[in-house]
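*Asks:* The following block contains the structure, expressed as structure tokens.
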Amino acid sequence: MKTLKIAAIPGDGIGKEVVPAAIDVLNTVSDIHGGLTFDFTSFPWSCEYYLEHNKMMPDDGMERLQDFDSIFLGAVGDSNLVPDHISLWGLLIKIRREFDQVINIRPAKVMSGVRSPFINPKDFDIVVVRENSEGEYSAIGGNIYNGEDELAIQNAVFSRKGTERVMRYAFELAAKRKKHVTSATKSNGITYSMPFWDKIFKEIAKEYPEISTDSQHIDALSAFFVTRPERFDVIVASNLFGDILSDLGAAIMGNIGIAPSANINVNGKYPSMFEPVHGSAPDIVGKGIANPIGQIWTAKMMLDHFGEEDLGNTLLTVIESVTNDGILTPDLGGKHSTKEVTNEIIKRLIAVD
Ligand code: NAI
Ligand code: MG
């Protein structure tokens, strides 16, 4: 029997609605599997917690999270209670940084029954593997002078270690998918870091002869996302390029309420964190209509992460059968509630078994 200890942090707004829904789904997965159980501990850290304690998590919060196998987070932010920069940096970004979650994974796929802005998007099924600790989002730089001489400098940082590890992660992932990795580059315009990125991509590619590769400049790559979506499988990208590409992917997928993500710790010292892309959606909170699919798909990524890809794929197939049959929340044009969509997924999971 494998037991996974999961720290659940529903957070704010609809996080408190979709996290319990996804936990019900995971418990069903565990029931049908037999050999796998989840031991959830829920933490109330949120903006409401902040109002009471003047902090987003207790002082020993990170130590308490450290021994869990993973963190399952909903959404953080309620700007009526706490300014966003305080709530996000005090919880979400704090965990990402302090737990060395150096890789961000954002899958995007057009689900049957979900409207995409694309006319014929059925072959869009990609994963963006984004370097999440360095690159263009460095803290190195400065400002100098005033008036017409005023200038700002921001340095991009590409280490061999950081670049190799994100590329290896992308190749390992591609090996379990369609066996193709595309590197997002811009070595025709950025003359030090991107040729270095290309060089390391070629080196790592040699370690994976069974995986085909190509390298595309980010501008052309973005255009091909739209015109030739079927040519992509896994895309490995720097922090900035990955940020932009993954939002483009989510847009093609049709809706933010279904987009999942994972923040991966690769050195094994700390847990990884799984969270949907969407925020706390204050405009629909309490109405029972939040789309639970982003959070449930995030649970599928957690299953994959623990080597339970068969279960993860079963879960995704079930989610897609539910969207295909038009059992959708209002954000996807449907009439169903969070509970109805969740219960349908649970019912069909049991039927698969
Ligand atoms: P948001 O993602 O919360 O909402 C944007 C729009 O999408 C809203 O109209 C919302 O109703 C809709 N939406 C989002 N998720 C949905 C779902 N599961 N089902 C149905 N509709 C959904 O982004 P917004 O409004 O910019 O931010 C609201 C709060 O969330 C802010 O405090 C912000 O800082 C925080 N936030 C937190 C994130 C996180 O925890 N990772 C990410 C983005 C925003
Ligand atoms: Mg972004």
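*Asks:* State, to one decimal in nm, how far the label point of Ile119 lies from the label point of Arg228, with both points 7 Å from Cα in the Cβ direction.
*Replies:* 1.9
*Asks:* Over the alpha carbons of the stretch 307-349, what is the largest minus smallest coordinate on each principal axis, giving the biggest first in Å?
*Replies:* 34, 15, 15
*Asks:* Placing +1 on the Cβ of each Lys and Arg and -1 on the Cβ of each Asp and Glu in the chain, which of Pro10, Leu88, His180 has its Cα farthest towards the positive end of the resulting dipole?
*Replies:* The residue sitting most towards the positive pole is His180.
*Asks:* Per residue of the chain, what 222 nm ellipticity follows from adding -39500 (n - 2.57) for every DSSP H run with n ≥ 4, rounded to the nearest 500?
*Replies:* Helices in the chain give a 222 nm mean residue ellipticity of -12500 deg cm²/dmol.
*Asks:* How would you rank Lys94, Lys176, going from fewest to most other Cβ atoms within 10 Å of each one's own Cβ?
*Replies:* Lys176, Lys94
*Asks:* At Asp247 and Asp283, where each label point lies 7 Å from the Cα along Cα→Cβ, what is the point-to-point distance in nanometres?
*Replies:* Rounded to a tenth, the inter-label distance reads 1.7 nm.
*Asks:* Loop-only chymotrypsin sites (Phe, Trp or Tyr not before Pro) in the stretch 129-179, please: DSSP not H, G, I, E or B, and at most 16 other Cβ atoms within 10 Å.
*Replies:* Tyr137, Tyr145
*Asks:* Over the Cα atoms, compute the radius of gyration (one decimal) and Dmax (the largest Cα-Cα distance, rounded to a whole number) for the chain, in Å.
*Replies:* Considering the chain through its Cα atoms, Rg and Dmax are 20.5, 69 Å.
*Asks:* Say the dipole of the chain comes from +1 at the beta carbon of Lys and Arg and -1 at that of Asp and Glu; which of Ala22, Thr323, Thr342 then lies farthest toward its positive end?
*Replies:* Projecting each Cα onto the dipole axis, the largest value belongs to Thr323.
*Asks:* How large is the dipole of the chain about the Cα centre if only Lys and Arg carry +1 and Asp and Glu carry -1, each at its Cβ, rounded to the nearest 20 debye?
*Replies:* 780
*Asks:* Could you give the dipole magnitude of the stretch 116-253 about its Cα centre, charging the beta-carbon of Lys and Arg +1 and that of Asp and Glu -1, in debye to the nearest 20?
*Replies:* I would put it at about 680 debye.
*Asks:* Hey, another quick one. I'd like the FRET efficiency for Glu210 and Glu48, computed as 1/(1 + (r/R0)^6) with the beta carbon distance as r and R0 of 56 Å, rounded to 0.05.
*Replies:* 0.65
*Asks:* Between Ile32 and Leu151, take the C-beta separation as r, use R0 = 35 Å, and let me know the FRET efficiency to the nearest 0.05.
*Replies:* E(calc), rounded to 0.05, equals 0.05.
*Asks:* Just name one of Ile289, Phe99, Pro195: the one whose Cα is farthest towards the positive end of the charge dipole of the chain (beta-carbon charges, Lys/Arg +1, Asp/Glu -1).
*Replies:* Pro195
*Asks:* Tell me, Arg130, Arg64 in order of fewest to most beta-carbon neighbours within 10 Å?
*Replies:* Starting with the residue having the fewest Cβ neighbours, the order is Arg64, Arg130.
*Asks:* Follow-up. Classify the stretch 116-253 as rounded, prolate or oblate, taking a ≥ b ≥ c as the square roots of the eigenvalues of its Cα gyration tensor: rounded when a/c is under 1.5, otherwise prolate if a/b is larger than b/c and oblate if not.
*Replies:* Oblate is the answer for the stretch 116-253, as a/c is 1.5 or above yet b/c matches or exceeds a/b.
*Asks:* Right, something else. What distance in nm lies between label points placed 7 Å from Cα along the C-beta direction at Asp219 and Ser112?
*Replies:* The modelled label-to-label distance comes out at 4.0 nm.
Bear in mind that the values in this text are calculations on the coordinates, not laboratory data. Nothing here was measured: the structure is a model prediction, and the numbers come from that model. Positions of Cβ are generated from backbone atoms using ideal geometry, with glycine treated the same way; all protein chains shown enter the neighbour counts.
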